[in-house]
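So the structure is just underneath, and the comments pick up after that.
What follows draws every value from the coordinates through simple rules; no lab data is involved. None of the values given here were measured: they were computed from a predicted structure. Every residue, glycine among them, receives a Cβ derived from its backbone with ideal geometry; neighbour counts consider all protein chains shown.
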Amino acid sequence: MKTTMNKVELNGYVGTEPEMQTTKTGSKVMRITLATHESFKRKTGEWVSNTTWHNVVLWNKVAEMANEFLKKGSRVTLRGKLINREYTDKFGIKRTISEVVAGEFALNVAA
């Protein structure tokens, strides 16, 4: 059997103030959004910019460390895995969301 891999690395800016919560079982969980940006030049010579927003979840010790250092606007590199999960919204509609579960992070500071 061949091995497969689910690995994500993002380098971007925290778009929302980190939101730390404690689950009913006592686990810490932090949710943020992360903006990544890319630009490219069309054949016409026109530059196009594209920003992608990512939902990010950090758990337990990683969440506690992130709570000390991350804030809206922080530039950060995150590493983790991509998950898809289902939930039912407040109107009873079943939704699917993609999230990056980050197992590590590093602040990017200008030299």
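Just to confirm a number: summing +1 for Lys and Arg and -1 for Asp and Glu over residues other than Glu99 whose beta-carbon lies under 10 angstrom from that of Glu99, what do you get? Each step should come with its number before you reach the end.
Numbers: positive: Arg31, Lys81, Arg85; negative: none.
Residues near Glu99 contribute +3 overall.
Using unit Cβ charges (K, R positive; D, E negative) and no other charged atoms, how large, in debye to the nearest 20, is the dipole of region 57-98 about its Cα centre?
Dipole about the Cα centre, nearest 20: 140 debye.
Fully extended, how many nm does the chain gain between Thr23 and Asn55 (0.36 nm per residue separation, minus their Cα-Cα distance)?
The Thr23-Asn55 span can extend by a further 9.7 nm.
Where the only charges are on Cβ atoms (+1 Lys, Arg; -1 Asp, Glu), what is the dipole of the chain about its Cα centre, to the nearest 20 debye?
Once rounded to the nearest 20, the dipole reads 300 debye.
Cα axis of helix 60-69 to longest principal axis of the chain: angle in degrees, 0 to 90, nearest 10?
That helix lies at roughly 50 degrees to the long axis.
For Lys28, what charge total do you get from the other residues with a beta carbon under 13 Å from its beta carbon, if Lys and Arg give +1 and Asp and Glu give -1?
Residues close to Lys28 contribute a combined charge of 0.
Relative contact order for the chain: what percent, with Cα pairs under 8 Å and sequence separation of 6 or more?
29 percent
Amide H of Thr16: which non-local residues (sequence gap of 5 or more, or other chain) have their own amide H closer than 5 Å, using H built in the peptide plane?
Those lying under 5 Å, H to H, from Thr16 are Thr33, Gly73.
Springs between alpha-carbon pairs under 10 angstrom, Gaussian network model over the chain: which of Glu64, Glu17, Glu86 fluctuates most?
Of Glu64, Glu17, Glu86, the Gaussian network model singles out Glu86 as fluctuating most.
Using helices alone, what [θ] at 222 nm do you get for the chain, with -39,500 (n - 2.57) per DSSP H run of 4 or more residues, divided over all residues and rounded to the nearest 500?
Counting only the DSSP helices, I get -2500 deg cm²/dmol.
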